[in-house]
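Visitor: Pasting in a structure now, in structure tokens, and then I'll have a few things to ask.
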Amino acid sequence: MRSAVALAVLAGPALVLGQTVNTTFVAELLQFLEAANLTSLATVAQSIANTTTGERILASISNGTWTIFAPNDHAFTGVPANISSNPDLLADVLSYHVVPGTVNASDFFNNSDTIIRTLYNDSSRVFLEGGLSQVLALKTESGNVTHVLNQNTPTSILQSTTVGNITVHIVDSVIDIPGNLTAAAAANNLTGAATALQQANLLTTLETAHGITIFAPNDAAFTKALQAFGSSPPNASVLSAVLANHVINGSSVYSTELVKTNTVSAGGESFNFTVNSTGTFVQSGNITGKVLIPDIILENGVLHVIDTVLLNTANDTSAASSAYVSFIPFLCRRR
């Protein structure tokens, strides 16, 4: 029974208890992992089999089709001890490698991001709108290599295959689960953005929101903006108004959805998005910025790095509130 328990944790459709486990299929999956030299993955799966997440995925393994991003043996050597020694956290990490449906290598687009929703949905670590599960962002770049984006350790798909109803993409790193805004700002050298949010007393508000999109200017953009203010830097009120027009409240809008969605900022101002051969652009008021790094996934939303501070101080609380409420029907369609 060790084989069934170990592998069922890795691949299960919906998290539904009480289903019958197809142990024959699970045994086939185990044989595949061993043949593919993914022995560490099988061992880790066994260690999380008695966790809540492991049991739930085990109960659902026999149904539907799934895609697994399977770290190779070398990948597990880089897993920090605080994760490898914590079966519950390790189960969450592995659930972030499991995706409903069949996602083939050909489904990852050249020079644009692909966003796919995973099984990772621990309510103590995922804070998306409407209880949505967390997403992965991937991109195929030069040389036809597909990368998982914005990882602490570069993560690429090495090869792809199938076993039964499971599509398996072997990757060279264990995929990091998303952290909070503070961690993302530090990892992406967004010192100016983090400082401005703290000065405007907005950092905690954004980190505790459920569903958030942030257009974060890089440090060069903040330096240029401060020069525009001269010897009189903006006070907290002005700074708060400007920063509110860099945020979409209550909605995680990934790069693939920007031009498809009518969005209003947390300050009540409309965003306009355009995409052309030179990139993706966001406009607020009469200021336009280019998206430099899209789809930095947060535990409660998404962050896009832009090259310009959107110096729009206009504020319409009624429009902001209305936009937040009107997002609910759209949210239901995204499930």
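The values are calculated or read from the model by the stated rules, or taken from the named source; none is laboratory data. As the structure is a prediction and not an experimental result, all values here were calculated from the model. Cβ placement follows ideal geometry from the backbone for every residue including glycine, while neighbour counts extend to all protein chains displayed.
Visitor: Looking only at residues in segment 210-234 that are surrounded by 11 or more Cβ atoms within 10 Å (Cβ to Cβ) and among the aliphatic types (A, V, I, L, M), which one is modelled with the lowest pLDDT?
Guide: Per the stated criteria, the residue is 226.
Visitor: Restricting the search to segment 193-207, which residues are out of contact with any Pro (no Cβ under 7 Å at 6 or more places or on another chain) and free of Cβ contacts under 8 Å to residues at least 40 places away in the same chain?
Guide: 194, 195, 198, 201, 203, 204, 205
Visitor: Take residue 197 and tell me if it is crowded, with 19+ Cβ neighbours inside 10 Å and not assigned by TED's automatic domain parsing to the domain that holds residue 119.
Guide: Considered against the rule, which asks whether it is crowded, with 19+ Cβ neighbours inside 10 Å and not assigned by TED's automatic domain parsing to the domain that holds residue 119, residue 197 comes out as yes.
Visitor: Also, I was wondering about something else. Just to check your reading of the model, which residue among 314, 266, 320 is more than 21 Å from residue 190 (Cβ to Cβ), of a type in the set (A, V, I, L, M), in a loop (DSSP other than H, G, I, E, B) and assigned by TED's automatic domain parsing to the domain that holds residue 203?
Guide: When all the criteria are applied, what remains is 314.
Visitor: Follow-up. So residue 137 ticks every box in (1) surrounded by fewer than 20 Cβ atoms within 10 Å (Cβ to Cβ); (2) in the same structural domain as residue 42 (by TED's automatic domain parsing) but one. Which box is left unticked?
Guide: (1) is the only condition that residue 137 fails.
The rows are residues; the columns are (1) in the same structural domain as residue 116 (by TED's automatic domain parsing); (2) under 25 Å from residue 205 (Cβ atoms); (3) part of a helix (DSSP H, G or I); (4) touching a helix residue (DSSP H, G or I) at 6+ places or on another chain (Cβ under 9 Å).
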{"position": "220", "(1), (2), (3), (4)": "no, no, yes, yes"}
{"position": "226", "(1), (2), (3), (4)": "no, yes, yes, yes"}
{"position": "232", "(1), (2), (3), (4)": "no, no, no, no"}
{"position": "239", "(1), (2), (3), (4)": "no, yes, yes, yes"}
{"position": "242", "(1), (2), (3), (4)": "no, yes, yes, yes"}
{"position": "251", "(1), (2), (3), (4)": "no, yes, no, yes"}
{"position": "258", "(1), (2), (3), (4)": "no, yes, yes, no"}
{"position": "283", "(1), (2), (3), (4)": "no, yes, no, no"}
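Visitor: Tally the residues that are among the small types (Gly, Ala, Ser) and either without any contact (Cβ under 8 Å) to a residue 40 or more places away in the chain or not in a strand (DSSP E or B) (or both), restricting the search to segment 285-301.
Guide: Here the count works out to 1.
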